[in-house]
Amino acid sequence: MKSGINNSHIDASVRPQDDLFRHMNGTWLANTEIPADRASDGAFYWLRDQSEKQVREIVESCASSDSRDGSIAQKIGDLYHSFMDESRAEKLGISPIEKDLARAASINSRSDFLRVLGELEEEGLQGLFYGFITTDNKRSDTNIIYLGQSGLSLPDEAYYREEEYVEIRKAFVAHVIRMFALAGIDDGIGHAERILSIET
């Protein structure tokens with residue numbers, strides 16, 4: 001039987017008893033360039049990229065085919081075409097989300113806020129927290145509920161605090177201001193600053 005260990009990644013100049021991680025991965029780390037748009041790279045990123053490419057090919061195939069009315073392929077193609085119809089999107093403007101904006105504007109208290117969060121959860125939109133049930137890390141014969149925090153706009157905590165991400169924070173604030181302007185909501189600058197403050 002062939003070993004599953006890829007010896008080409010090993011850095012023999014590092015003794016395993018001194019630094020097992022560097023010993024096993026040193027050559028890979030030295031020779032692999034992480035794409036500029038990612039914080040890390042590896043097999044799972046490759047799998048995700050391949051999956052996205054294959055799904056895109058399927059969707060574009062459905063969109064360009066003459067599918068039978070009512071078929072799954074026809075529905076996929078119609079959805080794709082409606083998503084890609086920029087002129088229609090420009091014509092509609094914010095009208096498709098006016099009810100959502102009105103619902104957000106109706107929030108005047110904590111209880112209103114919690115009510116709207118609950119409504120959004122029922123509609124499948126994740127709120128401030130999420131939960132899932134899976135195997136307990138301490139007792140593998142038991143399932144437990146795990147809770148997590150969601151809702152941050154930037155990839156992780158470092159983007160909100162570290163000096164190297166100052167330009168990204170500025171671009172984020174500018175983006176939020178623009179989104180408020182497009183939605184017709186006043187005081188975009190104030191809203192953007194508060195959003196950044198809350199998320200930080």
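Under the √(5λ) rule applied to the eigenvalues of the Cα gyration tensor, what semi-axes describe the equivalent ellipsoid of the chain? Give them in Å, descending. Walk me through the intermediate numbers first.
Details: eigenvalues 311, 160, 99 Å².
Equivalent-ellipsoid dimensions as semi-axes: 39, 28, 22 Å.
With a Förster radius of 25 Å applied to the beta-carbon distance between E119 and S65, the computed FRET efficiency rounds to 0.05.
What's the longest uninterrupted piece of the chain once you rule out the trypsin sites (Lys or Arg not before Pro) that are loop residues per DSSP with at most 11 other Cβ within 10 Å? Mind showing how you got there, number by number?
Values: sites that count: K2, R38, R68, K138, R139.
With trypsin sites (Lys or Arg not before Pro) excluded where exposed in loops, the chain gives 69-137 as its longest stretch.
Once you have the Kirkwood Rh of the range 5-63 from its Cα pairs, apply Stokes-Einstein at 10 °C and 1.306 mPa s and quote D in µm²/s. Show your work: numbers first, answer last.
Numbers: Rh = 13.8 Å.
The Stokes-Einstein estimate is 115 µm²/s.
Under the rule of -39500 (n - 2.57) per DSSP H run of 4 or more residues, summed and divided by the residues of the chain, what mean residue ellipticity at 222 nm is obtained, to the nearest 500 deg cm²/dmol? Kindly include the intermediate steps, with their values, before the conclusion.
On the way: 9 runs with 108 residues, N = 200.
Roughly -17000 deg cm²/dmol at 222 nm, from the helical runs in the chain.
I need the calculated FRET efficiency for the pair L20 and K138, taking r as the beta carbon distance and R₀ as 25 Å, to the nearest 0.05.
Details: r = 25 Å, r/R0 = 1.00.
Plugging the Cβ-Cβ distance into 1/(1 + (r/R0)^6) gives 0.50.
Counting neighbouring Cβ atoms within 10 Å and putting the fewest first, the residues M179, M1 line up as M1, M179.
Mean separation of Cα pairs under 8 Å and 6+ residues apart, divided by the residue count of the chain: what relative contact order is that in percent?
Values: 131 pairs, mean separation 15.8, N = 200.
Computed value for the chain: 8 percent relative contact order.
Counting neighbouring beta carbons within 10 Å and listing from fewest to most, the residues F132, F180 come out as F132, F180.
Hey, how much of the P(r) for the range 111-200 falls beyond 16 Å, as a percent of Cα pairs?
Working: 2743 of 4005 pairs.
Value for the range 111-200 (Cα pairs over 16 Å): 68 percent.
For the range 1-107, the list of GluC sites (Glu not before Pro) that fall in a loop by DSSP and count at most 12 other C-beta atoms within 10 angstrom reads E33. 3J(HN,Hα) couplings calculated from phi for the range 88-103 with the Karplus curve 6.51 cos²θ - 1.76 cosθ + 1.60 (θ = phi - 60°) are, in sequence order, 5, 4, 5, 5, 6, x, 8, 4, x, 10, 4, 5, 5, 5, 5, 5 Hz; Gly and Pro show x.
Applying 1/(1 + (r/R0)^6) with r as the Cβ-Cβ distance of I58 and D37 and R0 = 22 angstrom yields a FRET efficiency of 0.35.
Read-outs: derived from the displayed coordinates by stated rules, not from any lab. The model shown is predicted, which means the values in this text are computed figures rather than measured ones. So basically every Cβ, Gly included, is an ideal-geometry build from the backbone, and we count neighbours across all protein chains shown.
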